[in-house]
Amino acid sequence: MINKNRSKALTVISLGAGVQSSVMAIMAAKGDFPPVDCAIFADTGYEPKAVYQYLEFLKKILPYPIHLVAKGNIKDDMINSIDNGTRFPTAPFFTQQEITGKKGMLRRQCTNDYKIQPIRQKIRKLCNVPYKKHFPKDKYVEQWIGISTDEIQRMKPARDKYILNRHPLIEAKMSRQDCLNYLKKENIPLPEKSACIVCPYHNDAYWHFMKTERTSEFEDAVEFDKKIRTGSRKIRDKLYLHRSCKPLDEIEFNKEENDKQLDMFNNECEGMCGVWYRNNYTT
């Protein structure tokens with residue numbers, strides 16, 4: 001909760017260039033939502049080509065700046081950590097114990113490292129507050145998060161006391177389908193899913209789409225899946241991108257099972273960072 005005596009220093013959109021955050025950004029530009037100062041896109045370095053293409057489209061139509069920030073290339077960092085034994089930037093890979101076959105899931109830290117922290121650092125820079133310096137007690141930043149009504153369980157406050165998370169789509173009672181309808185009504189091209197190429201949260205429908213329509217990206221994911229199998233020195237279980245704990249290129253993606261698949265964020269890589277999913281499950 002932000003103290004009512006504080007004044008707003010900045011209004012910023014956390015932009016993923018997927019459906020929800022793009023609609024939010026466009027509605028602000030068209031006056032359907034209040035104005036914003038800027039948007040920030042945190043680049044993991046391993047987004048689908050379509051995401052970067054849509055980001056370029058947004059740069060052309062939005063009247064306010066889009067700031068790009070990056071911690072590094074998440075794919076390269078993970079592979080380097082495996083090859084060199086350095087800190088492993090954990091993603092929610094599926095795990096399987098070699099002896100018992102027990103399955104689980106790693107902690108999701110990638111969003112915090114490659115999305116939230118770079119955006120936070122950029123916000124401080126835009127407000128002229130150096131790293132590790134206290135944010136002025138009489139100021140706050142309003143950060144818009146692209147979560148729709150069908151993802152309301154993902155809402156949560158910002159970790160920093162000087163940031164107020166707002167969810168304009170939920171305030172406007174807009175679902176993801178409402179967002180798609182808005183884009184169609186405005187005759188605006190539809191974005192694709194905004195998530196890393198090798199995100200374990202992809203459901204079967206998306207893996208099938210990649211395999212049939214984005215073959216080079218799927219082949220890259222297959223090679224990455226093989227590479228992470230042994231994980232890092234501190235992770236003894238075998239790691240997989242798919243919840244079946246099978247190699248990606250050996251899976252028959254069954255469309256009839258799509259609704260049963262784990263799909264934690266429909267479209268945007270926002271709002272679920274740092275949650276521990278080390279629970280067991282059955283397939």
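Could you count how many residues in segment 102-144 are of a type in the set (A, V, I, L, M), more than 19 Å from residue 92 (Cα to Cα) and touching a Lys or Arg at 6+ places or on another chain (Cβ under 7 Å)?
Filtering segment 102-144 down to residues of a type in the set (A, V, I, L, M) leaves 105-106, 116, 119, 123, 126, 129, 141.
Now narrow it down to the ones that are more than 19 Å from residue 92 (Cα to Cα): 119, 123, 126, 129, 141.
Checking the rest, the ones that are also touching a Lys or Arg at 6+ places or on another chain (Cβ under 7 Å) come to none.
Qualifying residue count for the region: 0.
Taking helices (runs of 4 or more DSSP H) that fall entirely within segment 116-215, which contain at least 2 residues that are touching a residue at least 40 places away in the same chain (Cβ under 8 Å) and under 30 Å from residue 229 (Cβ atoms)? Give the derivation first.
Numbers: elements: 117-126, 168-171, 176-185, 204-213.
Because the criterion is at least 2 residues that are touching a residue at least 40 places away in the same chain (Cβ under 8 Å) and under 30 Å from residue 229 (Cβ atoms), the helices (runs of 4 or more DSSP H) in segment 116-215 that meet it are 117-126, 204-213.
On the given criteria, is residue 108 crowded, with 18+ Cβ neighbours inside 10 Å and in a helix (DSSP H, G or I)?
Numbers: crowded, with 18+ Cβ neighbours inside 10 Å: yes; in a helix (DSSP H, G or I): no.
No: the conditions fail for residue 108.
Report whether or not residue 169 is at pLDDT 95 or above and surrounded by 16 or more Cβ atoms within 10 Å (Cβ to Cβ).
In short, yes.
State all residues of segment 4-21 that are closer than 18 Å to residue 123 by Cβ and not in a strand (DSSP E or B); if no residue qualifies, say none. Working first, answer last.
Narrowing segment 4-21 to residues closer than 18 Å to residue 123 by Cβ: 6-16, 21.
Of everything in segment 4-21, those that are closer than 18 Å to residue 123 by Cβ and not in a strand (DSSP E or B) turn out to be 6, 16, 21.
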Failed criterion for residue 104 (all others in (1) more than 21 Å from residue 16 (Cβ to Cβ); (2) at pLDDT 95 or above; (3) of a type in the set (Gly, Ala, Ser) hold): (2)
Does residue 90 meet the test of being within 20 Å of the chain's Cα centre (by Cα), part of a loop (DSSP other than H, G, I, E, B) and modelled with pLDDT under 95? yes
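Could you pull out the residue among 36, 69 that is in contact with a strand residue (DSSP E or B) (Cβ under 7 Å, 6 or more places away or on another chain), β-branched (Val, Ile, Thr) and surrounded by fewer than 19 Cβ atoms within 10 Å (Cβ to Cβ)?
Working: 36 fails: surrounded by fewer than 19 Cβ atoms within 10 Å (Cβ to Cβ).
Only one candidate passes the filter, namely 69.
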Mind checking which residues of segment 128-154 are more than 30 Å from residue 182 (Cβ to Cβ) and in contact with a Pro (Cβ under 8 Å, 6 or more places away or on another chain)? 129
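The values are calculated or read from the model by the stated rules, or taken from the named source; none is laboratory data. Predicted model only: the values in this text are computed from it and were never measured. We place every Cβ from the backbone using ideal geometry, glycine too, and count neighbours over all the protein chains shown.
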